[in-house]
Structures are given as structure tokens and as C-alpha cells.
2 protein chains.
Amino acid sequence: MRSGLNVSRRLVLALAAIALSACAQLAPVADPLPSWNDGPAKDAIVEFVRKTTDAASPQFVPPAQRVATFDQDGTLWVEQPMYAQVVFALDRVKDVVKAQPALAGEEPFKTVLSGDRTAMAKLGEADIMKIVAASQAGLTIEAFQDVVKAWAATAKHPKFQRPYTELVYAPMLEVLKYLRANGYRTYIVTGGGQEFVRAFAEAVYGIPPEQVMGTLLKVDYSVPGGTPTLTNAPALFFVNDKEGKPVGINLLIGRRPQAAFGNSNGDQQMLEWTTGGLGARLGMLVLHDDAKREFAYGPAAGLPESRIGTFTQPLYDEAKAKGWTVISIKNDWKRVFAFE
Amino acid sequence: MRSGLNVSRRLVLALAAIALSACAQLAPVADPLPSWNDGPAKDAIVEFVRKTTDAASPQFVPPAQRVATFDQDGTLWVEQPMYAQVVFALDRVKDVVKAQPALAGEEPFKTVLSGDRTAMAKLGEADIMKIVAASQAGLTIEAFQDVVKAWAATAKHPKFQRPYTELVYAPMLEVLKYLRANGYRTYIVTGGGQEFVRAFAEAVYGIPPEQVMGTLLKVDYSVPGGTPTLTNAPALFFVNDKEGKPVGINLLIGRRPQAAFGNSNGDQQMLEWTTGGLGARLGMLVLHDDAKREFAYGPAAGLPESRIGTFTQPLYDEAKAKGWTVISIKNDWKRVFAFE
């Protein structure tokens, strides 16, 4: 029995080897990044993957350490003219005030309810944060995700008239898949809310909840009526932006990423932390310089500073000095969206 | 060419099927839990794995959702007579005071330096927390892990005269491996420090840093001399114990576990949250009732309440009422440690 088994096993292996080699000869080498134009940005990605995954490379990275982090707003999807989560929170204000009528007379809710667009445009960051927190607070973690999913299924972007979840960058989806196909675990590290992004990250990016780090509200555990429950509290717990990004990465992952992708000053520290490690590291910044296909904004694009997704000249200079690659949407992306 | 390939492929598959079936007939079924005595605890684990991983089972759990969480102190390794991290922190006090001489005159450091064991035994939880925080604060995350590793390599447990990292429970190591072999991702969810446990979790338990949640100190990002650095600050940021455990699980994983293992009142909420989910869930509590091979302590073991690892009678009653399985070290474990 043993010996017969070994013979058939050897035969199986031999035939499998022949079949595999035939397949390799037949299959054309598919471009893993078809939405990218040839150029330094595409080259940087392909070369990084090659040298960190080729076992013969001196810069080989063991699979367990293959971590890549991605900012979301402006890096994986559109952030202009307003962060999707802020649009969501503003859309929720009426429901929030219905649940807590006292808020109707309080700022910034009063201004939002007035519908006065000029006054709304003047709301500061603290006001926006209050609105965002209120859009989530009091809901269980499951109920909040359901609310986000329902909103994402109906809300439409003012310029593109499509759901926000369709306004993801096709070239970046390809990078996510390409990295994963090469043993990288892809994480979202966003200044947006962790629970907000988790609601759609798996469906939209193929990124599971345990690979999403974001800004955190305080969460309370309680057992109302015998049911264990996690509820969002109206208090900010951790801001996963700027200096917070390396801290959030360390909390969630406990490893320094090999690659990081961002698009604004909020990602500066994540890129510094990532590329400050030994061996091959990849730092990339998306530059929004394509007013026709998407948006153009910020000093690094030769345009006035934008309130959202600021990419200042000093960050651009730091990128050049540190060997980070700036991705020009206009020049490096063959197409921006899958629906084009 | 195509057709020839298809024929060899079909042949390969047919032969592979024969070979596999022959292997299945030849290989003896190895007991995945050899350190467990037959009984309800072992049965509960095996039955849980069977019904959540058999595709034909109505309680089948897709691989992505297979998450199991483990408390550390008293669940994966010995916690008596003192938490290893507290021993570590006390061992570090001299070095801490050398680095910050002002602390020498301050409590609780003064008491620890005096060597007065009676006074030390009276230190409260807040004092201990101060000592633990001081043992970590001011060090970069990498330097702290190095200090922990150096300590773990030399410190010995007073009863067993062995390194703490050898005082892990052999039966629990088997459960970790068994669950992983069945597609479960195993997480440590500890009241101890996240960075402390990460320093040895991979070597000792096969659990990578991204699967360790613990109590957090504040961490600061800075760039001294151009080097991006994460440094532990002397401030508590998040307590991953009791009500904090479900919150920490949600932060790190974003999924409700299918199984949770604990041993004390600090794990009550984690077990409630875990077993409160739909479908097959497993809740288990280790009862320390074996004074000979390990320790016996706490009301649930019919003994006085212990300051460490309290497993009160109400928790025992809740376990019985909710169908959680209590693991008796005395009766359920054939051996406690690998070195036995």
C-alpha cells in the first residue's frame, strides 16, 4: 500500500509540474496596474514589490512583516468638496435633533438646521467635530454601521452624482489588490471615524474591520435588559490624524509599515514613521492636480490652500528630500474611476 | 495544446483524489488536545470547533469571522503570587529611579526601594499602576520591548524557579494551536500592558503583535534629531480590563469573538459580549483549584478571595447560568506545564 501510494504520488507531482509549466508558458503576464500610466510612480510600486518579495533580494521582507497603510480621504476616494463623513453627519442632523430635541437650539446644530449655506460654510473644525460626534453618539456600534450603510446606498456626490462608494480611485484599488496578491496586508489609517469606515471598507476596498484604524469616539459597555451592548458616547477618545497616525498604527498593528500612502499634511507623520524604518520602504502621496477628471487643489498643485486635504509646499519639499513618490493624478493615472 | 493540458489536468485531479483518500485512511487521527483529560471541558472545545467549521453544520462560521480571544494572566500563564508585569515593574524600579532621581523620595518608589516587604505588600492598585507606568514611560516602544525581553530571559518565578515564559499552560497552548489549525485567529486580550505582552507573545504563544490588545499608556510621536520616534508617556490612556475588554476587542478587531477564554472577574464582560452573539459561541473560565501543581485561590475554588485573579462565586454562578464552561485545572488538565 505504502509503496503503491508513493508511486501515484510521484506521478501526481510529475504531472502537476508539467501542467503548471504548460500553464506558465500559455498565460500572458497581466499588468497588475492597468489604470496606471508608465512612469516613476508606477515603477516605484512595482520595484518596491519586487525587491521586498523576491527571496533572493537583499531587501526581502518576510510575509508576516508585509504591512501597507492607506489614508482614505483623498487617497482612496474623493474628499472634495467635503469629507464624505461630514456630508453624512450633516445629513444626519435632522434625525439627531429628533432624538435629542434640546440640540435644536444649540450651535452648531441651529446653523445646520437653518439651511443657511453661508453660515454653514463658516463652521469651524470644533463645530464639525461636534456634528460628527453627534451623528454617531447614542447608537450601538451595530446600529451606527447600519445607518452608515443606508446613507452610503442613497447619498450622491454633488459633482459626480454617484454614490460616494463609487468615487474610489481605480488605480488605488489596483494597488491594494496587487499588494495583497504579494502577501501584503493592507490597512486603512484614516482621520475619519473607525466605525464609519468599517461600515463599507470590506465591500468597497476588500479591507476587513480588523484592518481599519481611525478616529475613535469613546465607547461604553453596558448590559441593558440583559443584552451586552457597546454604545458610542458623545466624547472624542482618540484623533487618528497627523501625530496620531503613527500612534494609531502602533496600537492596531504593532509593526512599522513597509509602505504608506497618503495625500495631505495629515499623512506626513505616517509617511515619516513608515519610511524611517530600515530596509526597503515606500512612501507615496497623491497630488490632486486634475480639475477635469477629479479636483485640483492645494499649494503643491500650484493652487490656493484648501481647507480639506491640505498638501502644502513644505510637505512636497519633504517628499522630494526623503524620496517619497508624488503621484500626479493628471499624469500617472490612465483613469481615475472604475466607471469612466 | 489546450486539450492535451485538460486531459493531464483531469488525470492529476483524479490521481490526487486517490492519493488523498489513501492518506486519510492511513493517517491515525491525532488527539489535538493531548494535555486535556476527557470530560466536559475538552468536549466543549472539540464540539465548538466541529460545529463552527463543518460546512454542513447549521452553526458554521465563515473563516473571516473565526476570532477567539484569550485573557493572559491566569488563563494562558501563571498569575500568582504576583502578575509577571508587576514583578517586572518592581525589578525595574532601581533603573527607573536612576534615570529619574527625583522619584527616589516619592511614594510608592520610596517604599519599593526600602525593601520593606510588609510595606510593599500594602501598596494599593493606584501605587502599583504608578510603578508599572514608570517602568515603561520615557522609553521608545522598541527600547521598552528590548527591556522586557531581557527581563524575561533572566527573571525566575519564586515557586517554580523557572522563567515566566515557561509558566504557560500546556493545555491552553494546545487550544491556541487547535483553533488556529481550524482557521481561527487567536487574540490576547489582557488587562496587562499591550507593549509588555507583545514583547514575547509571538515567541511564547505564536500570537503576532497585531493580535494583542492590552492596557495602553499614552504614546507620543516626535522626531528628535530627525528620527521619527514613538515614546511611552507616563500617562494611562486605556484600561483593557472588565468593561474595557469588549471595548478593546471592538477597537482592535471590530468583530465579536466566537470564543473567549478567561479566569477572573476581569474577563466577565468579555465572556458576556462574546457569548451574547448569535450562533455557536464558546465561553470558558479557568478555575485555579490545583494547589499541588499550580495554585488554588478564590471563592469559586472554595478558597478566600485573592487580590489577584479574583473568580468570585457570582461569576461562577453566571457561568453556570449562561452555559460557560469552567475548566478545573485539577480535573481537566492532564498536565499543567510543558516541562512536567
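The values are calculated or read from the model by the stated rules, or taken from the named source; none is laboratory data. If you're wondering where the values come from, they're calculated on a predicted model, not measured in any experiment. All Cβ positions, even for glycine, are placed from backbone atoms using ideal geometry, and neighbour counts span all protein chains on display.
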Filter the range A:216-229 for residues that are more than 16 Å from residue A:135 (Cα to Cα) and crowded, with 17+ Cβ neighbours inside 10 Å; which is farthest from the other protein chains (Cβ to nearest Cβ)?
A:229
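Find the residue count for the range A:90-123, including only residues that are touching a residue at least 40 places away in the same chain (Cβ under 8 Å) and more than 23 Å from residue A:288 (Cβ to Cβ).
From the range A:90-123, those touching a residue at least 40 places away in the same chain (Cβ under 8 Å) are A:90-93; that's our starting set.
Keeping just the survivors that are more than 23 Å from residue A:288 (Cβ to Cβ) gives A:91-93.
The qualifying residues number 3.
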Residue B:209 versus (1) surrounded by fewer than 21 Cβ atoms within 10 Å (Cβ to Cβ); (2) touching a residue at least 40 places away in the same chain (Cβ under 8 Å): which is the lone unmet condition?
(2)
For the condition more than 13 Å from the chain's Cα centre (by Cα), closer than 29 Å to residue A:277 by Cβ and free of Cβ contacts under 8 Å to residues at least 60 places away in the same chain, what is the one hit in A:218, A:242, A:156, A:149?
A:242
Condition first: within 14 Å of chain B (Cβ to nearest Cβ), surrounded by 15 or more Cβ atoms within 10 Å (Cβ to Cβ) and within 22 Å of residue A:336 (Cα to Cα). Can you find one or more residues in the range A:79-88 that meet it?
no
Meets criteria (modelled with pLDDT of 95 or more, touching a Lys or Arg at 6+ places or on another chain (Cβ under 8 Å) and of a type in the set (A, V, I, L, M)) for residue B:67:
yes
Matching residues in the range A:192-215 - criterion: being within 11 Å of the chain's Cα centre (by Cα) and in a strand (DSSP E or B):
A:192, A:212, A:213, A:214
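May I ask you to list the residues in the range B:270-281 that are surrounded by fewer than 24 Cβ atoms within 10 Å (Cβ to Cβ) and not hydroxyl-bearing (Ser, Thr, Tyr)?
Listed by number, the residues that qualify are B:272, B:276, B:277, B:278, B:279, B:280, B:281.
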Output the residue which, of all residues in the range A:230-242 that are in contact with a strand residue (DSSP E or B) (Cβ under 6 Å, 6 or more places away or on another chain) and outside any strand (DSSP E or B), is surrounded by the fewest Cβ atoms within 10 Å (Cβ to Cβ).
A:239
Enumeration of residues in the range A:283-340 that are within 19 Å of the chain's Cα centre (by Cα), more than 15 Å from residue A:265 (Cβ to Cβ) and of a type in the set (Phe, Trp, Tyr)
A:295, A:333, A:337
Scanning for something within 14 Å of chain A (Cβ to nearest Cβ), acidic (Asp, Glu) and touching a helix residue (DSSP H, G or I) at 6+ places or on another chain (Cβ under 6 Å), does the range B:194-211 turn up at least one residue?
yes
Taking interchain pairs and intrachain pairs at least six residues apart, which have beta carbon atoms under 8 angstrom, with the first residue in the range B:126-143 and within 14 Å of another protein chain (Cβ to nearest Cβ) and the second in a helix (DSSP H, G or I) and among the polar types (S, T, N, Q)?
B:141/A:250
Index of the failed condition, residue A:247 passing every other in (1) closer than 24 Å to residue A:312 by Cα; (2) among the aliphatic types (A, V, I, L, M); (3) under 14 Å from the mean Cα position of the chain (by Cα)
(3)
Pairs needed: first member in the range B:292-316, under 17 Å from residue B:159 (Cβ atoms) and touching a residue at least 40 places away in the same chain (Cβ under 8 Å); second member anywhere, of a type in the set (Phe, Trp, Tyr) and in a loop (DSSP other than H, G, I, E, B); C-beta distance under 7 Å; at least 6 residues apart or different chains.
B:306/B:297; B:308/B:83; B:309/B:297
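Tell me, please, whether a residue that is farther than 20 Å from residue B:166 by Cα and in the same structural domain as residue B:185 (by TED's automatic domain parsing) can be found in the range B:69-78.
Yes, the conditions are met somewhere in the range B:69-78.
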Kindly list the number of the only condition in (1) part of a loop (DSSP other than H, G, I, E, B); (2) more than 15 Å from residue A:79 (Cβ to Cβ) that fails for residue A:158.
(2)
Hey, residue B:46 of a type in the set (A, V, I, L, M), at pLDDT 95 or above and more than 30 Å from residue B:291 (Cβ to Cβ) or not
no
What's the number of the only condition in (1) under 28 Å from residue A:125 (Cα atoms); (2) part of a strand (DSSP E or B) that residue A:221 fails to meet?
(1)
Per-region count, the range B:302-330, residues at pLDDT 95 or above and either crowded, with 16+ Cβ neighbours inside 10 Å or outside the structural domain of residue B:47 (by TED's automatic domain parsing) (or both):
12
Test: residue B:168 is under 18 Å from residue A:64 (Cα atoms) and touching a strand residue (DSSP E or B) at 6+ places or on another chain (Cβ under 8 Å):
no
Within the range A:243-299, track down each residue that is part of a loop (DSSP other than H, G, I, E, B), in contact with a strand residue (DSSP E or B) (Cβ under 7 Å, 6 or more places away or on another chain) and away from every other protein chain (no Cβ under 13 Å).
A:258, A:263, A:288, A:290
Checking B:85, B:80 in turn, the sole residue that is touching an Asp or Glu at 6+ places or on another chain (Cβ under 9 Å) and outside any loop (DSSP other than H, G, I, E, B) turns out to be B:85
Filtered residue count, the range A:14-43, keeping only those that are within 21 Å of residue A:324 (Cβ to Cβ) and either at pLDDT below 95 or not small (Gly, Ala, Ser) (or both):
7
